[in-house]
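> Just passing along the structure, written as structure tokens.
The values are calculated or read from the model by the stated rules, or taken from the named source; none is laboratory data. Everything numeric in this text was worked out from a predicted model, so none of it was measured. Note that each Cβ is placed from the backbone with ideal geometry, even for glycine, and that neighbours are counted across all protein chains shown.
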Amino acid sequence: MTEIATGAPFEAQAPGAATPPRPGSLVPNTIVPLQGLPIVGVVLIGLVVAIASNKLWAVDFFHVVGGALWTGVDLFVGFIVGPILGRLSIPARAEFSARFMPKMMLLMPTLVTVTLAAGWQLGLLKGFVNAGYPNHEWAVASYVVVAVMAVVALGVLEPANIAVLFEMRKPEPDGEVIARLMSRFVWAAGITGTMQVATLIIMTKLASV
Amino acid sequence: MTGQAQRHAGTPQRALPPVLELGVGSLVCTLAGGVIVAAQVPNSDTLWPAVVLLVISAGLLVVMGFLMTRISQFAWRPFRQVWQWAMLAYIVIAGMLEYVFIKDKTPDNVLVMLTLLLIAFALTVPTLLAFSVARFQEADQQG
């Protein structure tokens, strides 16, 4: 740990590795993987077409697929990846994050946008969002859950992710800063994972009415 | 160079104003306002709690901006770089939601509230992201 505290390069930290890779060299040229942007574009165009057509199947498709992926990724990261990441050495965390976080930065905002936009439209078509709907309180509960997740994700998780990626691009990344920022990632992912369990309960309740 | 100075050689440690805390506060107010408005659709009888939250959110944003202008040494280049791209992304995200509200012929007063909340949202998040990055970067050269 002394090496980290003195700001020495990461290669000195990897336990049991003769010549561990330097995290800075693992960071791609761009923070966001640009090759994924056309896919995001196609998905968003599909979403606009689905909402414009106002067809139940189309908006249901985008909401269910987007929501299932969002929930699945959050649960997997929060309860499987997060705890594992928390037990890894700092260099191993950094190496994993250098490959993992750029993809998440493209994937998660897309899934969230698709799920929310299609979900609102679906709620209008089915009547869930109407204040006079008998089980409207379940829809409101889902808004609250999404709001809490948004605060954690946008106020803590995403800023930490981007700051880690920028830190890794430095000629000599500061291990102490990366460790501090990534510890936020671990607990924030746990909170969003827990909130997703609430989402599953609310959504299955609404769908069963 | 002392050990302590070396310790933070790659990461500047400066005393910075509570921009992140204010930003998260603004985000909480914005989202709470959005929940209040969305929960009443299609009615708009009691929008005032959302208006209050929007005003608080906007006030926090202004204070945040003011405090940032008072920082003497800061990494403004990386801040601008992140802010611009994040703003582009959040304009797309907020634009998608705005599109849905307009398409569904949301009542005017509700639409205005939701639009203002989306604007506050789209301003807050890029600022949070950009500040989080820039605080750990070397300050711009003076002059």
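> Looking only at helices (runs of 4 or more DSSP H) that fall completely inside region A:125-209, which ones have 1 or more residues that are within 28 Å of B:Pro42 (Cβ to Cβ) and at pLDDT below 90?
Of the helices (runs of 4 or more DSSP H) lying wholly inside region A:125-209, those with at least 1 residues that are within 28 Å of B:Pro42 (Cβ to Cβ) and at pLDDT below 90 span A:136-152, A:175-208.
> Can you name every residue in region B:71-83 that is within 14 Å of chain A (Cβ to nearest Cβ) and either touching a Pro at 6+ places or on another chain (Cβ under 8 Å) or assigned to a loop (DSSP other than H, G, I, E, B) (or both)?
Within region B:71-83, B:Ala75, B:Val82, B:Trp83 qualify.
> May I ask you to list the residues in region A:91-124 that are charged (D, E, K, R) and closer than 20 Å to B:Val92 by Cα? Please lay out each step first, then the result.
Going residue by residue through region A:91-124, those that are charged (D, E, K, R) are A:93, A:95, A:99, A:103.
Scanning region A:91-124 gives a single hit, A:Lys103.
> Also, I was wondering about something else. Being part of a helix (DSSP H, G or I), modelled with pLDDT of 95 or more and of a type in the set (Gly, Ala, Ser) narrows it down to one residue among B:Gly34, B:Gly59, B:Gly23; which is it?
Values: B:Gly34 fails: modelled with pLDDT of 95 or more; B:Gly23 fails: modelled with pLDDT of 95 or more.
Selected residue: B:Gly59, the only one of B:Gly34, B:Gly59, B:Gly23 that is part of a helix (DSSP H, G or I), modelled with pLDDT of 95 or more and of a type in the set (Gly, Ala, Ser).
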